[in-house]
Amino acid sequence: MLTQLFIKNFALIDELNVDFHNGFSVITGETGAGKSIILGALGMILGQRADAKLIKNGAAKCIVEAHFNLEKYDFQQFFTDNDIEYDASDCIIRREISATGKSRAFVNDTPVQLAVLKSLGEQLVDIHSQHQNLLLQKEDFQLNVVDTIAQNQKELNSYRQLFNDLRDSQQALSQLKHDIEENLRDADYIRFQLQELEKAKLTEDLQEQLEQESNTLSHSEDIKNSLFTANELLNGDDNGIVNQIRKVTQSLHSIASVFPSIEELYERVDSSHIELKDIAEELSSVAESIEYNPARLEDVNSRLDHIYALEQKFHVTSTKELLTIKAELESKISNIDNSDEQLSILQAKVNALNEQCTEAAAKLTATRIKAAKTIEKEMLSRLIPLGIPNVRFEVSVSPAPQLTTTGTDKLQFLFSANKNTQLQPVAQVASGGEIARVMLALKAMISGKVKLPTIIFDEIDTGVSGKIAQKMAAIMQEMGNNERQVISITHLPQIAALGTHHYKVYKEEDRNTTTSHIIQLSQQQRINEIAQMLSGDNITDAAITNAKELLTHK
């Protein structure tokens, strides 16, 4: 629940620091005093987009900080998933907006993205304002209410997994049909391209090998002459290096018996002689193998020209890339040749998933039909005491024309406030006051199913008064007593009197500025505030007495 709210340099607020409590609290104040500003600041904490225009004139930045106690709620996994330090007793959310428009958000001093802040905020606080009554027009809101009461998350998750698998398979089937159609249209050309590449008898390093061979054949005479020259220098008659080294070994060997220390040098020279002699023989062999072969050169260059032409045609630069294209063409031909079998397999998968999805949707529908009866019964029990004695409320569950992400159900809340009038969509026929009571009844009903720490009602009492307002307050009080924090911003004394804690928003004006403030009222201050709400600025003794009576019966 929200335990503390700190606001600095936001709109008309210089600095505000207020503590909140569990249970049912109320906030009152004149129109324009700043209640909406406080809600706007809280909205920033919950992830709403910030506007630098909201910074108080002359300030460099504004700060909004909220503290939450999460001990009765399980948020550990969310904080772990988002790598945020978890403190259940004091979760601190801070938002800063600079005059330049830069916004920063922190959760327990960890910087977070706005999407993370919004996701956390949706789990912490539900702000119900008058415009949220428009949700009654939306089928997804009505469906969410039914699913919440049905507690069918397991069935819904199972269905959605199957639906996603079905949609993926349908897309794959559609793509396969498209590919096959294109491939069939181009089959002859694809086969021709493949045959071209197959005739080339490509290997991954073929181009490099042929280019090296072409280079060698083109310079065969130069290579042969150089090898012959090297061989002559090494292995020529008496002046060849090999013969000269042999004479050195003989000379050293002749003194080895009388000069033993020369033995090591002798062995090294002798080893060099053997190595050079071996090199000379290999040079001679290589030189003899080199021949000028114009026919082979022409053949090699012809193959290279063919490879270059293929690379240019397919817009690549290597035989490796040509082989990749060859594999792709083979795959296309395989798909063409086996298209009937592939289509059959994938179509069977789609059919099976469609059947499973339909079965899962039927289970989902069953949970909703059962929940619909519960909702109808509970809504009547809540709306009749709220001053709609002849109310009829029905949850219409009808089949959708096809499978959707939420199943095969079309839901509609039908409503009638009077006898002998036809049931119609609630948003079309209910008055503003009736809509407010319907939404309050729905919120009260689903609040017991959803572990939401804080609910804020922003003037939900529009269009009601007197005893009906008192009964609406009793419902909010009941919600607040159920391990939940409920805060109501109200203009009605009947609702204000039932709050366990009472806050007042007011503004002060001097010559240059207007500032908004909020305080928690003492018992005597509450009496005066409620009396003023009853009689206006001229507080009468009767209003004081009436205020005391309202507070006594809370």
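The values are calculated or read from the model by the stated rules, or taken from the named source; none is laboratory data. In this text the structure is predicted, and so the values were computed from the model without any measurement. In this analysis, Cβ positions are derived from the backbone assuming ideal geometry, glycine residues included, and neighbour counts consider all displayed protein chains. Note: areas computed on protein heavy atoms with side chains; ligands, DNA, RNA excluded. Shrake-Rupley method; radii C 1.70, N 1.55, O 1.52, S 1.80 Å.
When each of the peptides 51-60, 463-472 is scored by the mean number of other C-beta atoms lying within 10 Å of its residues, the order from highest to lowest reads 463-472, 51-60.
Remark: segment 166-179, residue by residue, has Karplus-estimated 3J(HN,Hα) of 5, 4, 5, 5, 5, 5, 5, 5, 4, 5, 4, 4, 5, 5 Hz, where x stands for each Gly or Pro and the curve is 6.51 cos²θ - 1.76 cosθ + 1.60 at θ = phi - 60°. Centre-to-centre, using Cα atoms only, segment 424-449 and segment 513-554 are separated by 29 Å.
Applying the Karplus relation 6.51 cos²θ - 1.76 cosθ + 1.60 with θ = phi - 60° to segment 53-70 yields 3J(HN,Hα) values of 5, 7, 5, 4, 3, x, 8, 7, 7, 10, 10, 10, 9, 10, 10, 10, 9, 10 Hz, where x marks Gly and Pro. Just how far, in whole angstrom, is segment 343-414 from segment 32-84 if you go by their alpha carbon centroids? Here the two parts' Cα centres lie 36 Å apart.
Looking at the chain alone, DSSP beta bridges between its own residues are antiparallel in about 70 percent of cases. Annotation: lysines with alpha-carbon distance below 17 angstrom to K467 (same-chain offsets under eight excluded): K548, K554. Most simply put, segment 435-554 has about 60% antiparallel DSSP beta bridges, counting only bridges with both residues inside it. Lysine pair count for segment 70-194 with Cα-Cα distance under 27 Å and sequence separation of 8 or more or different chains is 6. Distances between placed amide hydrogens fall under 5 Å for H502 paired with V26, L521, all partners being 5 or more residues away or on another chain.
What label, among [x] 18, 41, 26, 14, 1; [y] 16, 41, 36, 6, 0; [z] 15, 29, 19, 14, 13, 9, 2, 0, belongs to P(r) over Cα pairs in 20 Å bins from 0, in percent computed from the structure on display? Computing P(r) over Cα pairs in 20 Å bins from 0, in percent and matching it to [x] 18, 41, 26, 14, 1; [y] 16, 41, 36, 6, 0; [z] 15, 29, 19, 14, 13, 9, 2, 0 gives [z]. Taking amide H atoms as placed 1.01 Å from N in the peptide plane, the amide H of A400 lies under 5 Å from those of D409, K410, each 5 or more residues away in sequence or on another chain. Shown is the FRET efficiency for K320 and I274, computed with R0 = 51 Å from the Cβ-Cβ distance and rounded to the nearest 0.05: 0.70.
The angle separating the long axis of helix 139-150 from the principal Cα axis of greatest extent in the chain is about 80 degrees.
By a 1.4 Å probe calculation restricted to protein chains, D19 has an accessible surface near 90 Å², given to the nearest 10.
Of the two radii for segment 293-346, the radius of gyration is 1.28 times the Kirkwood radius, both from the alpha carbons; that is the Rg over Rh value. Assuming R0 = 60 Å, can you tell me the calculated FRET efficiency for the pair T216 and E263, based on Cβ-Cβ distance, to the nearest 0.05? Efficiency at R0 = 60 Å is approximately 0.85. Which stretch or stretches of segment 412-434 have amide N atoms under 18 Å from the point lying 7 Å from N390's Cα along the Cα→Cβ direction? Under 18 Å, as judged by backbone N against the label point of N390, lie 415-426, 429-434 of segment 412-434. Mind grabbing the base-10 log of I(q)/I(0) for segment 396-516 at q = 0.18, 0.23 Å⁻¹? Debye formula, identical points on the C-alpha positions, no solvent, two decimal places. The computed values of log10 I(q)/I(0) come out as -1.03, -1.26. Of the residues G499, A361, A66, the one whose Cα sits farthest toward the positive end of the charge dipole of the chain, with +1 on the Cβ of Lys and Arg and -1 on the Cβ of Asp and Glu, is G499. For A11, the residues 5 or more places off, or on other chains, whose built amide H falls under 5 Å of its own are I55, K56.
Working note: Debye formula, equal point scatterers on the alpha-carbon atoms of segment 358-399, no solvent; log10 I(q)/I(0) at q = 0.23, 0.24, 0.26, 0.27 Å⁻¹ is -0.73, -0.77, -0.83, -0.87. Whole-Hz Karplus values for segment 505-513 come out as 9, 9, 10, 10, 10, 10, 5, 10, 9 Hz, taken residue by residue from phi with 6.51 cos²θ - 1.76 cosθ + 1.60 and θ = phi - 60°; glycine and proline positions read x. Would you calculate a helix-derived [θ] at 222 nm for the chain, using -39,500 (n - 2.57) for each DSSP H run of n ≥ 4 and dividing by the full residue count, to the nearest 500? For the chain, the value works out to -18500 deg cm²/dmol. Computed over the chain, relative contact order equals 22 percent, with contacts defined as Cα pairs under 8 Å that lie 6+ residues apart.
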